[in-house]
Structures are given as C-alpha cells and as structure tokens.
Amino acid sequence: MPANAQILLWCLLPLTTLAQISDGRLNVTCLASEDCVLPCRFSSDGRGARVMWYRQKAVVSCTRYGNTSWVVGHNSPADKYKGRTDLYADQVLEGNATLVLRNVTPRDEDKYVCITFTEPETIKSGVITVTVKAPVRKVHMEFRDEAVYCRAEGIYPPPTLTWSVEPPSEAKLFYNKTKMEEGRLGLFDIESAVQMKAADTSNMNMTFICEVASEELSKRAHLKVEDAIITPAGDNVKVPCTLPLKELDNFGLTWRVRRSEPVPSVKDLWKIQKMDTRSVWRHMMLPSVESVHQGTYTCEVQTPDVTYFTQTDVNVISDNLPPWWFYIGLLAFLLSLSYCVVGCLSSKRWRSPKKEDKEEDTTN
C-alpha cells in the first residue's frame with residue numbers, strides 16, 4: 001500500500017481507534033462501548049456509488065448514494081447491526097466509504113470487507129481485522145460481613161486478580177475466593193473475597209491491596225480499615241482519610257456513608273460534614289453527632305492508577321436518660337411497696353399467738 005494511502009487511513013481514525021497496517025491488511029483496535037471507525041477509500045466520478053460492508057457472510061451495511069438520478073437508501077443489514085452503522089454521507093461521492101460502527105462490543109471482533117460499486121468498476125478493499133478491548137477502569141474495595149471484597153467490572157479480555165498487603169507478610173493471612181462472570185455483551189466482571197475471622201483483628205492493622213489486570217493494562221486499589229469510633233452524642237468526631245505519603249497532583253476525593261438505619265433525608269445527613277482547613281484531605285469533621293449519623297464512612301481517593309479507600313465505623317451512644325420526674329415516681333412506688341410489705345409481715349406476726357392460745361385452751 002502506498003505511503004500516502006497509509007497516512008490517509010491514519011487521519012480517518014479517531015482517538016478511540018488504533019490501527020496498524022501490515023501487508024495490505026488493516027488491524028483496527030477499538031474500545032468497547034465506543035465508536036469504531038473502519039476506513040475505506042475508492043475512486044469516484046462523483047455521480048454515484050453503492051457501498052457494501054460485509055463481515056464474513058453477514059451484511060453489515062449496504063447503502064446507495066448518487067446525484068438527482070439516484071435514490072439514497074439502505075438494504076437490511078444483519079439484526080445486530082441495525083441502527084449501529086453510519087457512513088459519512090456527504091463524503092461518499094468524494095470516494096470516502098468509511099464505516100462508523102457504534103457501541104462496539106467484543107462480539108464485534110472479526111474480519112470486515114468494504115466493497116464499492118461504481119460504473120463501470122467494482123472495488124474490494126483489503127481485509128480489516130477488528131479487535132475490541134475494554135481495559136480496567138477502576139477497582140473497588142470494601143470491608144463487610146467479616147470479609148474484604150475487591151471487584152472490577154466491564155473488562156475484556158478476561159482479567160486476572162491478585163492480592164497483597166502492606167506491610168508485606170509471609171504468613172497465610174487469608175484464603176480468597178475469586179469468581180468471574182461474562183455479561184450479555186461479552187464483557188467480564190471479576191470479584192474476590194478475603195475471609196477474616198471475627199475474633200482476629202490483627203489483620204485489620206494492615207492495608208489490603210487488590211490489582212486487576214487485563215493484558216498489559218492494570219489498576220489497583222488499597223483498603224485501610226480504621227478502628228471503629230465510639231462516641232457519645234453531641235461530641236465532635238474526626239473521620240480519617242488515608243492518603244499516600246507522596247504528594248498528589250491529580251486526584252478526586254469522594255466521601256460515602258452506609259447507614260445502619262434508614263435516613264429520612266440523605267441531604268440533611270451530609271449537612272453536618274465539614275473539612276478541617278488545617279489538613280483538608282486527611283479527615284472529615286462531624287460536629288455534634290447524633291444517632292442518625294451512625295454508620296460506615298468510606299473515604300475514596302482516586303488517582304489515575306490507584307484508588308485508596310479508608311473505611312471507618314462510627315457508633316454514636318445515645319444519652320437518652322429518663323426525665324427527673326420519672327425517678328421521683330419510681331422512688332415513691334418503691335417506698336409504698338416497702339410499707340405494704342412491712343405491714344403484711346407485722347399483721348401475720350400478731351395473728352400467730354392468738355391461734356396458739358386457742359389450741360392450748362382446747363387441750364385443757
């Protein structure tokens with residue numbers, strides 16, 4: 001293929017598509033859920049052309065273009081391509097038959113061929129091999145039900161998952177169970193759980209690290225479970241947020257809370273949160289906490305390659321003591337009860353001698 005033709009093919013590809021030309025064949029790599037562009041050029045006289053795209057024996061797109069003597073229309077493509085294909089209609093008569101395949105999935109991986117019909121010739125393009133990738137975008141971690149969970153979703157090709165801890169440990173800290181499922185569109189979800197013993201809290205003093213990789217691309221997540229905060233109602237609470245020691249130039253910070261009881265209004269719950277200006281990213285202030293603020297708080301710091309999670313349980317002890325009149329009433333009840341008991345015992349003691357005297361008289 002001439003060098004100028006190769007340059008032209010590269011110019012036709014968007015940022016979401018990578019192409020490599022080898023021996024007259026074109027290899028195109030596209031991202032799942034994005035648009036995939038398959039380039040095709042032909043010699044046009046500007047009067048009319050019919051463009052057909054094939055995938056093996058399936059019709060992907062079939063369109064006829066022309067001037068006023070032509071009718072623009074579409075034949076029926078395969079069902080899975082209906083509504084998913086487009087051509088640059090205003091450029092077809094200029095010799096551009098490039099196909100835009102929308103919302104691609106791994107099921108679209110295959111070899112494609114472009115055929116153009118003009119009078120008096122038919123032109124068949126080289127074979128275009130489409131490869132679809134869905135790299136790991138984010139790894140999520142959390143601690144619940146006495147286990148550390150790690151998961152990532154929407155990945156292709158099938159990923160791998162590995163665990164580690166900081167500081168490093170040679171002991172068998174956990175037995176993890178990993179499962180992977182393929183979704184309807186051919187993308188994979190992966191999840192792994194590290195089971196912990198309820199009585200063993202030593203493992204909670206370390207940071208769990210989960211890495212999910214697909215081919216050469218990978219993402220990691222760190223999870224630090226802090227000691228639970230137990231505080232009386234009305235106190236101010238600092239919920240910690242663990243960040244890496246190095247300075248971060250590009251990151252996002254998100255706070256989440258999982259309530260142990262339903263909350264009437266989540267908006268009202270977050271009204272109490274305040275950032276401490278002295279260390280704005282290191283913790284969140286909860287002033288004058290109440291029972292409604294009890295729950296599991298998670299700080300999530302997302303960087304381009306690693307996501308840091310810090311999870312803390314906040315337990316609020318309610319100080320709902322009975323009012324003063326309750327204690328006065330209780331004291332009066334106890335005094336009355338004691339008088340009744342003393343009276344009953346005294347009455348029984350006075351009646352007993354009379355009964356004995358009566359028995360003695362009968363004997364005589």
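Could you sort out which of Lys138/Lys238; Lys80/Lys111; Lys80/Lys179 sit more than 20 Å apart by Cα distance in this structure? Display every interim value, and only then the final one.
Working: Lys138/Lys238 28 Å; Lys80/Lys111 16 Å; Lys80/Lys179 29 Å.
Distance filter (> 20 Å) returns Lys138/Lys238; Lys80/Lys179.
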- Note on the structure: Amide H neighbours of Arg41 at under 5 Å, excluding residues fewer than 5 places away on the same chain, with H built from the backbone geometry, are Ala97
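Here, each number is a calculation from the coordinates, and none is a lab measurement. Note that the coordinates shown come from a computational prediction; the quantities given were computed from them, not determined experimentally.
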